[in-house]
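The values are calculated or read from the model by the stated rules, or taken from the named source; none is laboratory data. These figures come from a predicted structure and were not determined experimentally. We place every Cβ from the backbone using ideal geometry, glycine too, and count neighbours over all the protein chains shown. Surface accessibility is based on the protein's heavy atoms, side chains included, excluding ligands, DNA and RNA. Shrake-Rupley method; radii C 1.70, N 1.55, O 1.52, S 1.80 Å.
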Amino acid sequence: MKLALGPILYYWPREQVSRFYETIAAGPVDIVYLGETVCSRRHQLRLADWLALAAELRAAGKEVVLSTQVLIESGAELTTMRKLAETPDFAVEANDMGAVHVLNRGAGAEHRFVAGPHMNVYSPPTLRLLHQFGAGRWVMPLEMGCADLGEMQRARPEGMQTEVFAYGRMPLAFSARCFTARHHNVGKDACGFACMEYPDGLLLKTAERKDFLVLNGTQTQSASVYNLLGEFDAMRGLGVDVLRLSPQRHDMERIIELFDAVRRARMAPSEALEQSRAFMPGEACDGYWHGRPGFEQVGRDAA
């Protein structure tokens with residue numbers, strides 16, 4: 001089972017991004033997703049910068065995948081998506097059907113794309129269609145549980161790999177509005193890049209002062225951290241090929257080390273899950289995996 005590092009979902013300074021990927025290059029992650037998937041106004045790194053990072057990570061032995069933006073609203077964003085999708089040197093993760101249309105190379109294509117977690121693949125016919133378009137791997141939707149994944153695995157086309165979002169605050173929704181800008185009482189086009197002030201997102205609490213959601217520009221995330229370390233054996237039994245870990249500002253290398261230790265049978269999943277709590281930016285949850293509300297912690301190792 002391979003470990004993948006998803007794209008950075010937050011707006012970090014250029015120097016911080018560079019240092020982060022220097023650490024990743026020396027670590028045990030097998031696959032690295034790069035690119036801006038949330039907001040095109042974030043311009044600390046341009047396409048040329050992402051490509052340079054991709055070349056460095058590939059030289060370090062990593063499989064690199066370029067991720068497209070999830071919500072495309074302008075002609076400029078469409079142009080950027082096309083340039084990224086037509087890059088010949090790296091695989092691409094399609095996060096909307098427009099990108100799939102550009103990437104449609106047929107099932108016999110040598111270079112296949114990844115159908116991202118926001119493609120809403122909930123049925124075998126959809127999975128087969130994406131495979132016909134040239135998808136070689138799909139990422140399970142975050143809301144899908146293990147029972148439904150089992151059905152998808154039994155029906156997936158030959159040669160199609162399955163990736164599961166196994167760690168991180170869950171990206172639940174995207175909007176044309178920027179909620180971080182709204183929090184500062186300014187418009188989206190005059191945001192002043194306020195999201196850079198919140199490198200792990202802006203925590204939103206309920207009236208009862210309980211953690212509820214995290215605002216990340218145009219993206220809304222869960223406040224709880226989805227953590228499937230305790231479900232490692234179940235995912236392996238279902239034939240999952242890749243586990244995706246979503247980047248966080250602090251202690252990401254510790255989280256990666258724990259997942260790596262479990263996949264190499266150097267640590268029990270329950271022990272790794274317990275140790276991971278010290279490195280998480282919020283409380284653990286695994287509700288969706290068990291067919292329950294997402295914020296719940298259902299597994300036998302729940303605290």
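Scanning the stretch 185-229 for residues that are surrounded by 23 or more Cβ atoms within 10 Å (Cβ to Cβ), over 23 Å from Val17 (Cβ atoms) and among the hydrophobic types (A, V, I, L, M, F, W, C) yields Leu228, Leu229. Please verify whether the stretch 211-221 includes one or more residues that are free of Cβ contacts under 8 Å to residues at least 24 places away in the same chain and more than 27 Å from Ala115 (Cα to Cα). Looking through the stretch 211-221, at least one residue is free of Cβ contacts under 8 Å to residues at least 24 places away in the same chain and more than 27 Å from Ala115 (Cα to Cα).
Of all residues in the stretch 276-289, those being surrounded by 16 or more Cβ atoms within 10 Å (Cβ to Cβ) and part of a helix (DSSP H, G or I) number 4. Against the list (1) touching a Leu at 6+ places or on another chain (Cβ under 6 Å); (2) modelled with pLDDT under 95, the condition Lys210 fails is (1).
Name the residue that is farthest from the chain's Cα centre (by Cα), counting only residues in the stretch 240-257 that are more than 29 Å from Cys195 (Cα to Cα) and either open to solvent by less than 30 Å² (accessible area, probe 1.4 Å) or at pLDDT below 95 (or both).
Val240
The residue that is farthest from the chain's Cα centre (by Cα), among those in the stretch 16-37 that are in a helix (DSSP H, G or I) and within 23 Å of Met81 (Cα to Cα), is Ser18.
The number of residues in the stretch 149-187 that are free of Cβ contacts under 8 Å to residues at least 40 places away in the same chain and in a helix (DSSP H, G or I) comes to 8. Among the criteria (1) of a type in the set (A, V, I, L, M); (2) in contact with a helix residue (DSSP H, G or I) (Cβ under 9 Å, 6 or more places away or on another chain); (3) crowded, with 16+ Cβ neighbours inside 10 Å, the one Ala4 does not fulfil is (2). Set side by side, the residues Glu63, Glu56 differ, and just one is more than 23 Å from Phe193 (Cβ to Cβ), surrounded by fewer than 20 Cβ atoms within 10 Å (Cβ to Cβ) and in contact with a strand residue (DSSP E or B) (Cβ under 7 Å, 6 or more places away or on another chain), which is Glu63.
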